[in-house]
Amino acid sequence: MDAITSFPVTRVNLQTGKFEETSDLVVTETPIRITINETNYATIFCTPTDLRELVTGHLLSEGLVDSYEEITSVKIEESLQCRVTIASEKSVQEKLAMITPFTRIITSGCGAEIPWPFTKLKDRLGFRKVTSKLETTADRILGAVRNLNARASIYRQTGGVHASALFSEDGVELAFAEDVGRHNAIDKVIGIAAERNLKLDKIFAVSTGRLSGDIVLKIARVGIPIVASMSSALSSGI
């Protein structure tokens with residue numbers, strides 16, 4: 001399935017009032033259904049690129065696994081049914097029991113089907129303290145933002161996605177992804193980093209999306225010490 005779809009549209013010239021039948025490029029949004037050890041976990045609405053990395057990053061950033069090594073397999077079928085096997089069955093069932101009231105259908109717009117009880121979820125799942133001593137410069141962060149803009153090809157064609165990327169302390173791009181959802185874009189780059197065995201405490205993240213509490217919590221859970229955004233931070237993120 002392609003990330004971009006062409007749709008017929010009627011375009012109006014506001015100066016002449018004339019109508020034109022043409023086509024426009026639209027970003028694709030599709031559901032991927034996830035089971036963990038044969039237990040239904042969630043349906044994520046996403047752009048159908050880097051799907052394996054999306055699922056891997058989501059498991060890590062949501063605290064369902066503590067390390068990439070806990071994930072035994074991720075199999076994505078043509079129907080976009082994703083079957084995940086995780087080694088520690090008891091631990092997974094306990095975490096699924098905690099998270100089930102909060103996460104069933106994960107939409108690209110808001111991240112959950114109900115208002116997200118951030119403080120309750122933070123207290124119940126928890127995360128380890130970020131202890132990295134990573135330092136970088138403002139120039140390198142601004143350069144990373146410019147790089148993010150330059151790399152966002154799906155956005156330039158459709159205007160309908162977010163982008164995220166990970167960079168080394170000296171400003172070298174290590175992972176990049178676009179998705180219709182800002183949460184998904186973060187999960188994708190985390191998944192890419194996990195599969196490449198990158199040290200997450202030695203890199204910084206850049207995103208086009210708002211830094212809300214749930215976004216920052218994803219970053220904190222995996223130990224990334226610095227995150228910058230082209231959009232504003234929210235009080236929950238701070």
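Can you tell me what percent of all Cα-Cα pairs in the chain are more than 33 Å apart? When every Cα pair of the chain is considered, 19 percent fall beyond 33 Å. With a 1.4 Å probe rolled over the protein heavy atoms of all chains, the accessible area of 7, 176 falls in the order 7, 176, largest first.
Beta bridges from DSSP with both residues in the chain: antiparallel share about 75 percent, rounded to the nearest 5. Estimated purely from DSSP H runs of n ≥ 4, each contributing -39500 (n - 2.57), the mean residue ellipticity at 222 nm for the chain is -9000 deg cm²/dmol once divided by its residues. Cut-off 12 Å, label point 7 angstrom out along Cα-to-Cβ of residue 13: give me the residues of the stretch 144-159 whose amide nitrogen falls inside. Counting only backbone N, you get no residues.
Relative contact order of the chain, please, whole-number percent, based on alpha carbon pairs below 8 angstrom and at least 6 residues apart.
20 percent
Simple spin-label estimate for residue 141 and residue 157 gives 3.2 nm between the two label positions (7 Å along the Cα-to-Cβ direction from each Cα). With a simple spin-label model that places each label point 7 Å from the Cα along the Cα-to-Cβ direction, the separation between residue 172 and residue 37 comes to 3.9 nm.
Largest accessible area first, the residues 75, 188, 202, 95 order themselves as 75, 202, 95, 188 under a 1.4 Å probe with ligands, DNA and RNA left out.
Think of a 1.4 Å ball rolled over the protein heavy atoms: the stretch 7-94 then has 54 Å² of accessible area per residue.
For residue 199, give me every one of the aspartates and glutamates with a C-alpha distance below 13 angstrom, ignoring sequence neighbours fewer than eight places off in its own chain. Reachable aspartates and glutamates: 169.
Can you figure out the FRET efficiency of residue 234 with residue 134, using R₀ = 30 Å and their beta-carbon distance, to the nearest 0.05? In this case the efficiency is close to 0.80.
Relative contact order of the stretch 179-228: 42 percent, from C-alpha pairs under 8 Å at least 6 residues apart in sequence. To put it simply, the accessible area of the chain at a 1.4 Å probe is 51 percent carbon and sulfur. Is any residue of the stretch 23-54 close enough, with backbone N under 13 Å, to a label point placed 7 angstrom from the Cα of residue 6 along the Cα-Cβ axis, and if so, which? Those under the cut-off are 23-26.
The values are calculated or read from the model by the stated rules, or taken from the named source; none is laboratory data. As the structure is a prediction and not an experimental result, all values here were calculated from the model. As a convention, Cβ positions derive from the backbone with ideal geometry for all residues, glycine included, and neighbour counts pool all protein chains shown. For accessibility, only protein heavy atoms count, side chains too; no ligands or nucleic acids. Shrake-Rupley method; radii C 1.70, N 1.55, O 1.52, S 1.80 Å.
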